[in-house]
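Enquirer: Have a look at this one before I ask anything.
The values are calculated or read from the model by the stated rules, or taken from the named source; none is laboratory data. The structure displayed is predicted, hence computed values, not measured ones. Virtual Cβ from ideal backbone geometry, glycine too; neighbours counted across all protein chains shown.
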Amino acid sequence: MTVLHLPVNPMSVSSSDSSPRGQLVVITGPSGVGKGTLLRSLLQHHPELFFSISATTRAPRPGEVQGQHYYFVSHEKFEQMLAEGELLESAQFAGNSYGTPRQPVENQIRQGKQVILEIELEGARQVRHSYPQALQVFILPPSLEVLEERIRGRGQDSEAAIAKRLARAQEEIAAADEFDLQIVNDDLATALAQLEAALFPPTQRDAEGNCLDSQPESGSRPNLLEQELEKFG
């Protein structure tokens, strides 16, 4: 299991060698790939995980709750947070700003928690630069055709917006080999099992008895990117 060692802040971190060490896990993938559904299932199975809530300047969608799905902030507030170093990473998408509040993430890691970030490719690269020991996971669609069906199924985008999302998705998929693990989200149960296998070592899985049994063989890491790009043409 990849372990993140945060830069030590003597004002807030115990100097004891026995202090628990947490893990930062970054989840990235194109819009519409099903990251949210996969992570909701993961958190239902493992409520001990800490899911980081992002700040965004976009307007809430129907059913979204402030502080539960996102921290919805003004452009001015977002720029202030960015200038004062309150964001672990930030990125632009579809004309809106997104960022991860730094303090909750670092506090949870200091307490030995596994912290899950669902962020854009640009933000994932920033985190990789700052915390290279974080585990980075890229979620792939079975094909671009399936991805388009999922985006259209949400009924939230115009034709122009759909075309823009698909063009961006191809650019993001081309960067998938930068990540430690690639998971094709075709079947939810299979994708969840692969993600659990990466997050929980076998001894922990056996002890807790609450993870799915399926996991990849040790040392195996198929190049899913090459397979998917062949499908996409």
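Enquirer: Quick one: which of Glu89, Glu64, Glu48 is assigned to a loop (DSSP other than H, G, I, E, B) and within 23 Å of Gln23 (Cβ to Cβ)?
Expert: Glu48
Enquirer: Is region 126-145 home to any residue that is outside any loop (DSSP other than H, G, I, E, B), of a type in the set (A, V, I, L, M, F, W, C) and out of contact with any strand residue (DSSP E or B) (no Cβ under 9 Å at 6 or more places or on another chain)?
Expert: Within region 126-145 (the criterion being outside any loop (DSSP other than H, G, I, E, B), of a type in the set (A, V, I, L, M, F, W, C) and out of contact with any strand residue (DSSP E or B) (no Cβ under 9 Å at 6 or more places or on another chain)), the answer is yes, since at least one residue qualifies.
Enquirer: Look through region 147-158, keep the residues that are in contact (Cβ under 8 Å) with a residue 12 or more places away in the chain and in a helix (DSSP H, G or I), and return whichever of them is surrounded by the fewest Cβ atoms within 10 Å (Cβ to Cβ).
Expert: My answer is Arg154.
Enquirer: From the residues in region 168-199 that are outside any helix (DSSP H, G or I) and either touching a Phe, Trp or Tyr at 6+ places or on another chain (Cβ under 7 Å) or of a type in the set (A, V, I, L, M, F, W, C) (or both), which one is nearest to Ser143 (Cα to Cα)?
Expert: Going through the qualifying residues, I end up with Val184.
Enquirer: Answer yes if at least one residue in region 103-114 is touching a residue at least 60 places away in the same chain (Cβ under 8 Å) and assigned to a strand (DSSP E or B), and no otherwise.
Expert: Yes, region 103-114 contains a residue that is touching a residue at least 60 places away in the same chain (Cβ under 8 Å) and assigned to a strand (DSSP E or B).
Enquirer: For region 43-71, give me each residue that is crowded, with 18+ Cβ neighbours inside 10 Å and more than 17 Å from Val115 (Cβ to Cβ).
Expert: Thr56, Thr57 - these are the residues of region 43-71 that are crowded, with 18+ Cβ neighbours inside 10 Å and more than 17 Å from Val115 (Cβ to Cβ).
Enquirer: Only one residue in Glu178, Glu171 is exposed (fewer than 12 other Cβ atoms within 10 Å of the Cβ), under 22 Å from Val127 (Cα atoms) and modelled with pLDDT of 95 or more, so which one is that?
Expert: Step by step, each of Glu178, Glu171 is checked, and only Glu171 is exposed (fewer than 12 other Cβ atoms within 10 Å of the Cβ), under 22 Å from Val127 (Cα atoms) and modelled with pLDDT of 95 or more.
Enquirer: Same structure, new question: Need the failing condition index for Gln136 against (1) under 21 Å from the mean Cα position of the chain (by Cα); (2) of a type in the set (S, T, N, Q); (3) surrounded by fewer than 17 Cβ atoms within 10 Å (Cβ to Cβ), just the number.
Expert: Here Gln136 clears every test but (3).
Enquirer: Same structure again: Output the residues belonging to region 25-42 that are surrounded by fewer than 17 Cβ atoms within 10 Å (Cβ to Cβ), more than 18 Å from Gly123 (Cα to Cα) and not polar (S, T, N, Q).
Expert: Arg40
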